[in-house]
Structures are given as C-alpha cells and as structure tokens.
1. Accessible area of Y129, 1.4 Å probe, to the nearest 10 Å²?
2. Would you please name the chymotrypsin sites (Phe, Trp or Tyr not before Pro) within the range 1-46 that are DSSP coil residues with at most 16 other C-beta atoms within 10 Å of their C-beta?
3. Rounded, prolate or oblate: which one fits the range 77-155, using the alpha carbon gyration tensor with axes a ≥ b ≥ c (rounded when a/c is under 1.5, else prolate when a/b beats b/c, else oblate)?
4. Using only the alpha-carbon atoms, how far is helix 33-64 inclined from the longest principal axis of the chain? Give it as 0 to 90 degrees, nearest 10.
5. Report, to one decimal in Å, the Kirkwood hydrodynamic radius for the range 68-204 based on all distinct Cα pairs.
6. So how do E109, E171, E183, E140 rank on accessible area, 1.4 Å probe, biggest first, that is with the largest at the start?
7. Helix 67-96 against the longest principal axis of the chain: what's the angle in degrees, Cα atoms only, rounded to the nearest 10?
8. Relative to the longest principal Cα axis of the chain, at what angle does helix 225-238 sit, 0 to 90 degrees, rounded to 10?
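The values are calculated or read from the model by the stated rules, or taken from the named source; none is laboratory data. As the structure is a prediction and not an experimental result, all values here were calculated from the model. All Cβ positions, even for glycine, are placed from backbone atoms using ideal geometry, and neighbour counts span all protein chains on display. Accessible surface is based on the protein model in full, side chains and every heavy atom, while ligands, DNA and RNA are left aside. Shrake-Rupley method; radii C 1.70, N 1.55, O 1.52, S 1.80 Å.
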Amino acid sequence: MRLIALIGLALAAVAVLLALSAGLGYRWQIWTLATAFGVLRWAAYTGLAAGAVSVLAATLAARRRSGRVITLALAALLTGAAVAAVPYSHLRIARSVPPIHDITTDTHEPPRFVAVAPLRANAPNPADYAGEAVAAKQREAYPDIAPLRLAVPSDKAFDDALAAATSLGWEIVASVPAEGRIEATDRTFFFGFKDDVVVRIRADDGMSRIDVRSVSRVGRSDVGTNARRIRRFFDALKKMGYVNR
C-alpha cells in the first residue's frame, strides 16, 4: 500500500521533470518543437498514470485508515493532475480560437515591421500580413481588438506607449518618435516562443490613435497569445489614467 503510494509519487515527479524539460529543452535549443511537444505529451501520460496509481493507493489506505499513505497518494494525485492539465488546457484553448498567429488592431492598414523584419528572415511565419482571410477570422474571434485613442498629443502618447512596452518586459528593437513607431520582441513563458510587436502612434483630431500588431515567428496557431498581449499592452496604458474613446 505504501509502496503503491510511493510509486505514484515517483511517477508524478517524473511527470513534472518531463514537463519542465519540454519547455527548457526547446528554449535551450536542445531539441526541436516537435520533440518538445512529444515530451510534453509523455509528461501528460505520466501524470495520468501517477493519478491512477495514487487513486488505487488512496483507496487501499482509506480501508486501513492510514493517514500518511493517503496524504502521499493525494500529493501524487494532485501533482499528476496538474501536469496533465497543462497540455489539456492548451488544447482546449487552441480549439476555441482560429488557427491564426497575426493579430492587429488595424486589419485594413496593419502596422509594418521595419527593424524587426531582418530578425524574422529565417522564421517560418512571414512578416507580411495575409489580408482579409486572416482579418475575418480575427474579427470573429477577437471583436474587442481595436485601436486605442488617447486624449493626449502624439508625442506624449509615444512616450507612454514606450514606457508601457518596457514595463511588460518587451525587448525594444526600435523606437522612432518621428515615425511614431515602436518595435519589440516578446517571449512566451513556457516554451519561450519569440513573438514580434510593432506599435504605431498617429495624431487623430487632436488626440492620438495607437495601433498594435503582434505576430508569432513559429506556429500556425498562437492559442490566443497575441490577442492577450495586445490587451495587456492597452491595460498598461489605461493604468496611466487613460480610457478608450
């Protein structure tokens, strides 16, 4: 009974190590993205196995009223379930959003990459906007992604946009006040995917209009990451006292 609980705990520990190595291995370029996804899949399988073994251990321990074994089994069960939930959560989100990876607040005239363009030379996803086919899917999935208008001059809006981008940890690639253009690179938390962002600030009837475009370098679907990035950027600006108008 105790041995079964320890086996479940060991499987849970292996699941955690596999999950961590999936992301770190890709970040450190030890293996390809396909291999990383494979390792993550096996982490989920191992987590499920840990859960099954732990349920058996807990059931046997409950009959004998062994509190320590139950505690071990529950710890393994929760850990295994948490690991298995990660890929399941990503899969669920991926199925709820369209398979696109280029999100912009202006689908008619998307901000263009200039300084970032050479950095994407070998990226599987091009920097050119795909047009209405992508725009239609974006409007259906993310109707809230729209320009932000600020009641301040464009030079003030530029400074605050740069401050907001910096506060989010973006790596600033270019900052051109004369053109109202900010380009940056951001990385996702787990796999460390590099996504590129361009912010465009223009004067608009005494106010300022801010447009943003966020594009993944790899992957057909971004699982909603680029839309969330734009929302976070606008939220950072709104915390400075601005509101959308």
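1. Its accessible surface works out to 50 Å², give or take rounding.
2. Details: sites: Y26, W28, W31, F37, W42, Y45; in loops: W28, W31.
For chymotrypsin sites (Phe, Trp or Tyr not before Pro) across the range 1-46 that sit outside H, G, I, E and B with at most 16 neighbouring Cβ atoms in 10 Å, the list reads W28, W31.
3. Values: a/c = 2.01, a/b = 1.69, b/c = 1.19.
Cα axes put the range 77-155 in the prolate bin.
4. In the chain, helix 33-64 runs at an angle near 40 degrees to the longest axis.
5. On the way: mean 1/r = 0.0559 Å⁻¹.
Taking the inverse mean of 1/r over all distinct Cα pairs, the range 68-204 comes out at 17.9 Å.
6. Details: E109 90, E171 120, E183 0, E140 155 Å².
Largest accessible area first, the residues go E140, E171, E109, E183.
7. 30
8. So the helix axis and the longest Cα principal axis differ by about 60 degrees.
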